[in-house]
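What follows is a single structure, written as structure tokens, with notes after it.
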């Protein structure tokens, strides 16, 4: 049986594309194991998939000053040693990495053990973790054509992002029952602020509720700890801290989506052909990757973008009205996107890497 070790973690965005690949890898006869951090979100998500999980020491490498910069390199070195032991024990034919700092020691250990590693970069510009891992990889998959300019030509492959196939099979009637909307003729606005939520987006939506509820039913994924008890019985407003398996149904019901601009999230919107408003995480709170992602989607005609510093009640209302009026043009633009069978493409790269290794 072919063996693969998958890695990646820190955020759900570093895990969900791996989850999307699992069914096809199993169909190809792969025995799958996962290496992640001791207690990251990836541990729970992989255990839900029934994948054997191994935790290693993980440290974050920062571009800014932090006292932890003095201790975290030792955590990375420890994680590298643990990765070497695990790879020698598991003896995988290939490693697939979705990024995040926990993946760096795994990919570098794979290179030392002469195990081919394939990594996937979601954003337009590679993050620091993937920059460190790229020398250890045989191939680097990416979402955006712009990313090819930042990668070694001999390694770069434009694949798109693996999308969980269950997201394409949602049941809008299940979502209606979950949300308990009475006026079912109203269009549905879905708000997604990420797993931890977005204070700026949450506040803007709740400020506008009286106005928005005149014309829309609203599904608000507000993030952990952000549930507003004072609005739990407001007709037409369904709020949830998080959506798991229900997300596919909520997407099926939604006519329009307001979202952050994480690469995996927006690629899901593209695959689902959902007209959307993107409010990227500002550069002050990130390395600016979401702004680049959003601008790329705006240039392609897929999205309306509001930068967070320009977010106001007026700006958000104007954006919602604009999307409502031009909904068909956004859908048409998304339909023009060249359909790539991302999962099959990536699985073929993995199979080729296994064949290349066995042929040596």
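Before moving on, here are some points about what is shown:
- Of residues in the range 297-326 being assigned to a helix (DSSP H, G or I) and in contact with a strand residue (DSSP E or B) (Cβ under 9 Å, 6 or more places away or on another chain), the one nearest to residue 129 (Cα to Cα): 297
- Scanning the range 148-175 for residues that are assigned to a helix (DSSP H, G or I), in contact with a strand residue (DSSP E or B) (Cβ under 8 Å, 6 or more places away or on another chain) and over 22 Å from residue 13 (Cβ atoms) turns up just one, 175.
- Note on the range 315-343: residues that are at pLDDT 95 or above and surrounded by fewer than 19 Cβ atoms within 10 Å (Cβ to Cβ) amount to 14.
- Condition check for residue 290 on (1) farther than 25 Å from residue 10 by Cβ; (2) touching a residue at least 24 places away in the same chain (Cβ under 8 Å); (3) not in a loop (DSSP other than H, G, I, E, B): one failure, at (1).
- Number of positions in the range 13-29 that are touching a residue at least 40 places away in the same chain (Cβ under 8 Å) and surrounded by 19 or more Cβ atoms within 10 Å (Cβ to Cβ): 10
- The residue list 178, 212, 221 contains one member that is outside the structural domain of residue 40 (by TED's automatic domain parsing), crowded, with 21+ Cβ neighbours inside 10 Å and in contact with a strand residue (DSSP E or B) (Cβ under 8 Å, 6 or more places away or on another chain), which is 221.
The values are calculated or read from the model by the stated rules, or taken from the named source; none is laboratory data. Quick caveat, the model's predicted, so the values are computed rather than measured. Neighbour counts are summed over all protein chains in view; Cβ atoms, including those assigned to glycine, are modelled from backbone coordinates with ideal geometry.
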